[in-house]
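Taking it in order: structure first as structure tokens, then the write-up.
The values are calculated or read from the model by the stated rules, or taken from the named source; none is laboratory data. Note that the structure is predicted; figures quoted are calculated from it, not measured. Don't worry about glycine lacking a Cβ; one is built from the backbone with ideal geometry, like all the others, and counts go over all protein chains shown. Each accessible area value is taken on the protein alone, full model and side chains, heavy atoms only, with ligands, DNA and RNA left out. Shrake-Rupley method; radii C 1.70, N 1.55, O 1.52, S 1.80 Å.
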Amino acid sequence: MSEIVRLTLVSHAMTDAMAAGRFPTDEPLNALGQRQATDTTIDVGPADIALSGPEQRALRTAELLGLRPRTEPALADLDHGRWRGTVLDGVDPAELAVWLTDPARAPHGGETIVELIGRVRSWLGTLPDRPARVVAVTHPAVIRAAVLTALDAPPKSFWRIDIGPVSRTVMHFRGQAWTVRRL
């Protein structure tokens, strides 16, 4: 039997930006997010390694779930460039359409979906060197990128995966490939 990396990806809890339909900044959890992370029945299971994206919403969610995470820069949220803090309706509709349909474009000047997937793929490639139970609290965009990597799905599928606040996605690495156990 080969050794397995068990990766549990947890999406951070609710923030005011999420509730208002704004592109995120490095904002804290709101009151609902605090309750989601403390009242939830989510079981992240035992962790040999606990990680978190560097943003305060990910770090705080991890802490409220009882984890003592190490910050992992590769788990940072998608960089929305000049759209940070902007309400979705405040973005030029043509630019938004380009971003939502062409994963290689970033009209906001930040990171493209293709670049995000590459970053997450590289990070996932480091995990098989450490067979363990890994829990990582991060962002919906990072979790989508991890799922696409495991499935070897095209980047254009990015927006077809819905990741809710404080949801759990479980992946395993055995042999030469990642599998998605739970979404």
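Among the numbered criteria (1) over 19 Å from ALA153 (Cα atoms); (2) without any contact (Cβ under 8 Å) to a residue 40 or more places away in the chain, which single criterion is violated by LEU116?
For LEU116, the failing item is (1).
Check the stretch 54-64 and report whether any residue there is in contact (Cβ under 8 Å) with a residue 40 or more places away in the chain, open to solvent by less than 20 Å² (accessible area, probe 1.4 Å) and of a type in the set (D, E, K, R).
The answer is yes; a qualifying residue exists.
Can you tell me which residue in the stretch 76-92 is farthest from THR15 (Cα to Cα), limited to those that are in a loop (DSSP other than H, G, I, E, B) and either in contact with a Phe, Trp or Tyr (Cβ under 7 Å, 6 or more places away or on another chain) or in contact (Cβ under 8 Å) with a residue 40 or more places away in the chain (or both)?
VAL91
If we keep just the residues of the stretch 91-121 that are open to solvent by 30 Å² or more (accessible area, probe 1.4 Å) and in contact with a helix residue (DSSP H, G or I) (Cβ under 7 Å, 6 or more places away or on another chain), which is farthest from ILE49 (Cα to Cα)?
The residue in question is PRO107.
State all residues of the stretch 157-183 that are among the aliphatic types (A, V, I, L, M) and either closer than 17 Å to VAL44 by Cα or within 11 Å of the chain's Cα centre (by Cα) (or both); if no residue qualifies, say none.
Within the stretch 157-183, ILE163, VAL166, VAL170, MET171, VAL180, LEU183 meet the criteria.
Have a look at ALA146, ALA136, ALA141 and point out the one that is open to solvent by less than 30 Å² (accessible area, probe 1.4 Å), under 21 Å from ILE4 (Cα atoms), part of a helix (DSSP H, G or I) and in contact with a helix residue (DSSP H, G or I) (Cβ under 8 Å, 6 or more places away or on another chain).
ALA146
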